[in-house]
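Remarks on the structure that follows.
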Amino acid sequence: MKIRLLFCMFMAAMLSVKAQDTIQTPKLVVMITIDQLRSDFLHEFSDLYSETGFKRLLKGGRFYSNGYYAFESIDRASAMATLVTGTNPYVNGIVASRWLDRNSLRLVDCTEDLACKGINTNETVSPTKLKAISLPDEMKRATRGKSIVCAIAPDADAAVLSGGHAADVVLWKNNDTGKWCSSSYYGEFPMWAMAKNKALKDSKSEWVPTFPTEIYENFGEKAPEPFKYTFDGKTNVADYKTSACMNDEITDMAVGCLSGTKMGLDDIPDYLAVTYYAGNYKSAPMDDRPIEVQDIYSKLDENISDLMKELDKRVGMKNVLVCLSSTGYVVEGETNDSIYKIPSGLVHIDRVAALLDVYLGAIFGKAKYVEQYYNSQIYLNRKLIEQMQLDKLDVISHAVEFLMSVDGVEDVFTIYRLGGMLSPELQYVKNGYNSACSGDIWLRLMPGWHMAKHAASASNLVRRGAVNFPMVLFGNGIQPEYIKDATPVNVLVPELARMLHIRRPNDNCMRIFR
């Protein structure tokens, strides 16, 4: 009896492996990333959705309800790099949208590449700062360059990083002219995108609520008057990118890409990366724009529905593998939590750096020990420390001792502290560090505290705490499944690689959950 049981278990395992091996390779992978998408809002506004958008994905796909990024200080760029490679900033090199260049002491963008030329833009960008291999890179290698890889996003960092190194077409919207643009890194500008630019020449867009304002719950308050925003396509483009109109245009460009490139129409798998926006209009505090964010989610549902219908019609969902995820952070805008008696405050990094210089000068001799600072990171003057024949570890130890006394600082990290075997919490911190572009010392602020704006800072406040978001795999024969366990986004790349029957990127060490 025991032998028969073991034999049955063995045969069941073999059948399971065989079933996995016979999964049809999708003809098209569509990576939908929604910037600042939140699980709580996705659920809260569900009465505004149809059955063919978000609900179709969540009910019909493998739904991870509690996705997260396994590192601190998430922003759009670091999230996009992690999504496309399956690795954290410690490996992929993209710690943020911008960082301080050690050699020039100037801020550099994560996609900046002066060796390239912009097409319809003055931006000179490429993915060369992305140090890890991406999923679409592996698709290109597996098909000997025959896979078509395209990426479309409102901004350059999201477009460039989501396309990986080997993309054929990467497009984003120029903040100055409103035209779709690209980089010489990707070769010639596609004809179908030129046609889209011509159509935009004299176009105007209007954003008004989809429903009567009383339909929006407005977080328990009486709904204000309906909003109305008009865009001419050439001015206030940055504001336009935070409106529902931008998402409509992204969908139109994605459909144009499907038509112009003939993606998904042969047996060689192709890759389309599409980035939407789900933050608040003009990144204003939620209290200022309660209807706008609800309407953005409502119209996003329409965008998802329209894109899915196009995929059904052009390729057939059995041949398409859709992956939906979020960038996992929220830009909060300026808020005053003190009115709710919530602990809060501002840390002025420029003042902290000046006082740190004075403190170190009293110990080691008067000098400029802080070379520069950016956001919550401090870059020490390594050459000076070497010239003064000081022990760098000793200098850093005294700096940490001082910084821990600053109001609003919860913890202070250095690369010395993050060496060797680490606790899960410290590993979480190290995952967001990269020696090529991170500071010598970086601060973790107390909950509710923010870094004050200064000349060398990011433009918005970002929530430190976790932002729960959904991840969905849909189509290509995937059966409905609900997974409530906390799941890192790093699982997506190896799982997609498995379904594509290609090897996962060689920098990816995340085990496959299913």
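The values are calculated or read from the model by the stated rules, or taken from the named source; none is laboratory data. Quantities reported herein were computed from a predicted structural model and do not represent experimental measurements. For neighbour counting, all protein chains shown are included, and Cβ atoms are generated from backbone atoms with ideal geometry for every residue, glycine included. Please note that ligands, DNA and RNA were not included when accessible areas were found on the heavy atoms of the full protein model with its side chains. Shrake-Rupley method; radii C 1.70, N 1.55, O 1.52, S 1.80 Å.
Name every residue in the range 1-52 that is part of a loop (DSSP other than H, G, I, E, B), among the hydroxyl-bearing types (Ser, Thr, Tyr) and modelled with pLDDT under 65, in order of residue number. Answer for the range 1-52, where residues must be part of a loop (DSSP other than H, G, I, E, B), among the hydroxyl-bearing types (Ser, Thr, Tyr) and modelled with pLDDT under 65: just Thr22.
The residues on offer are Tyr277, Tyr271, Tyr229, and the sole one that is within 18 Å of the chain's Cα centre (by Cα) and open to solvent by 10 Å² or more (accessible area, probe 1.4 Å) is Tyr277.
Of Tyr297, Tyr271, all but one fail to be of a type in the set (Phe, Trp, Tyr), assigned to a helix (DSSP H, G or I) and touching a residue at least 24 places away in the same chain (Cβ under 8 Å); the exception is Tyr297. Among residues of the range 280-294 being free of Cβ contacts under 8 Å to residues at least 60 places away in the same chain and of a type in the set (Asp, Glu), the one that is least open to solvent (accessible area, probe 1.4 Å) is Asp288. Against the test of being modelled with pLDDT of 95 or more, open to solvent by 10 Å² or more (accessible area, probe 1.4 Å) and out of contact with any His (no Cβ under 8 Å at 6 or more places or on another chain), the options Ala159, Ala132, Ala166 yield a single qualifying residue, Ala166. Here Val400 passes the criteria (1) at pLDDT 95 or above; (2) closer than 24 Å to Arg106 by Cα except the one numbered (2).
Quick check, is Leu83 open to solvent by 10 Å² or more (accessible area, probe 1.4 Å), touching a strand residue (DSSP E or B) at 6+ places or on another chain (Cβ under 8 Å) and modelled with pLDDT of 95 or more? Considered against the rule, which asks whether it is open to solvent by 10 Å² or more (accessible area, probe 1.4 Å), touching a strand residue (DSSP E or B) at 6+ places or on another chain (Cβ under 8 Å) and modelled with pLDDT of 95 or more, Leu83 comes out as no.
Where strands (runs of 3 or more DSSP E) sit wholly within the range 407-495, none has at least 3 residues that are charged (D, E, K, R), at pLDDT 90 or above and open to solvent by 30 Å² or more (accessible area, probe 1.4 Å). So which residues in the range 360-396 are out of contact with any helix residue (DSSP H, G or I) (no Cβ under 8 Å at 6 or more places or on another chain), part of a loop (DSSP other than H, G, I, E, B) and either free of Cβ contacts under 8 Å to residues at least 12 places away in the same chain or among the hydrophobic types (A, V, I, L, M, F, W, C) (or both), if there are any at all? Listed by number, the residues that qualify are Lys366, Gln389, Asp391. Screening Thr251 on (1) crowded, with 23+ Cβ neighbours inside 10 Å; (2) within 22 Å of Ser147 (Cα to Cα); (3) in contact with an Asp or Glu (Cβ under 9 Å, 6 or more places away or on another chain); (4) of a type in the set (Ser, Thr, Tyr) shows it passes everything except condition (1). Every test in (1) at pLDDT 95 or above; (2) assigned to a helix (DSSP H, G or I) is passed by Cys116 save one, and that test is (2). Filtering the range 109-128 to residues that are surrounded by fewer than 24 Cβ atoms within 10 Å (Cβ to Cβ), free of Cβ contacts under 8 Å to residues at least 60 places away in the same chain and either of a type in the set (Val, Ile, Thr) or touching a helix residue (DSSP H, G or I) at 6+ places or on another chain (Cβ under 9 Å) (or both) leaves Asp109, Ala115, Thr124, Ser126, Thr128. Residue pairs whose Cβ atoms lie under 8 Å apart, sitting 6 or more positions apart in sequence or on different chains, and linking a residue in the range 348-359 that is part of a helix (DSSP H, G or I) to a partner that is open to solvent by 60 Å² or more (accessible area, probe 1.4 Å), are Asp350/Ala455; Asp357/Lys368.
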